[in-house]
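The next block holds one structure in the form of structure tokens; read it before the comments.
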Ligand code: ATP
Ligand code: MG
Ligand code: MG
């Protein structure tokens, strides 16, 4: 949606011209917006001003508002609208026993709404997790949330870093070192939805190996061979054993050419044993997990709600990024 972005930025440029900086020229296109050459009327010198790409200009899509910025002793300070607790704090306040289905559903919809906008702008957030979703002042007593922390975000097709996303919410393609897209945010979103319901992180691995092992146990199967073949770090977790190795298969039941390494093999390779995770969490299959938790409101949760939630999570927690649901697909 580059036309819109250009339009919004030109509007910004015009506003800026009325103030301290007079826009003289376009210097270039940065990752998140344009850089313009300006005359600084305070210092009487030329400066290069970077305009950040603005998305969700009308504050309709649950993304935190940036209000102002200032430079203080060479530190860039950004003023954001004041929001409430983050969702991890909210879960803790509920003794990590999960939220009621109506809140899980409402928050999920709002986060997805933000994700549609981000995807349209080609922005990958790269750090979606409960700490980065904040309660917003509620509209007419309905609970509301907003997405914050674009400090790790990047543009699709211009990805630079390979060590991204917080470990529990890290997608299979990032773990395996495979080129990533906005689909990695959908993986993190799936982890968040499950956590809001259960109350505890879904894949609280103490190491990347542990995270991947938990995914495979809980979701069943392993990442598809196409991904394992192309990814550059597959060897950190899998051994190539040739075609049709019984016991290793992708979720669709196709036998795999790769076998997940045993903990002993990992120990010798990475020379350190995965530590015991912070969370003593049962490694049940996803549907069992959703059926057995949360303890607090299990009686209040309709069986059809649980069935729908398992289906929803399976669309999000799909190993293959090309088959994983997009934000629009998940909304319907
Ligand atoms: P991280 O290491 O998680 O990436 P960070 O340095 O990028 O952190 P943020 O995630 O932007 O920083 O903010 C850290 C925490 O501060 C948030 O989890 C939240 O609890 C609080 N916080 C951030 N922005 C706001 C806001 N607008 N209103 C209220 N609290 C906020
Ligand atoms: Mg943060
Ligand atoms: Mg951050």
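Read-outs: derived from the displayed coordinates by stated rules, not from any lab. The structure displayed is predicted, hence computed values, not measured ones. Here the Cβ is made from the backbone with ideal geometry for all residues, glycine too, and neighbour counts use every protein chain on show.
Quick notes on this one:
- Residues 162, 188, sorted so that the one with the fewest Cβ neighbours within 10 Å comes first: 162, 188
- Burial order of peptide ranges 322-332, 167-177 (average beta-carbon count within 10 Å, highest first): 167-177, 322-332
- Whole-Å distance, taken between Cα centres, linking the range 27-80 and the range 127-193: 23 Å
- Estimated FRET transfer efficiency when R0 is 22 angstrom, pair residue 72-residue 45 (beta carbons, to 0.05): 0.65
- Sequence of 192, 78 once ranked by neighbouring C-beta atoms within 10 Å, starting from the fewest: 78, 192
- Computed from the C-beta positions of residue 27 and residue 82 and an R0 of 35 Å, the FRET efficiency is 0.55 to the nearest 0.05.
- Whether the range 113-170 is rounded, prolate or oblate, judged on the alpha carbon gyration tensor where a/c under 1.5 counts as rounded: oblate
- Label-to-label distance for residue 326 and residue 89 is 3.6 nm, based on points extended 7 Å past Cα in the beta-carbon direction.
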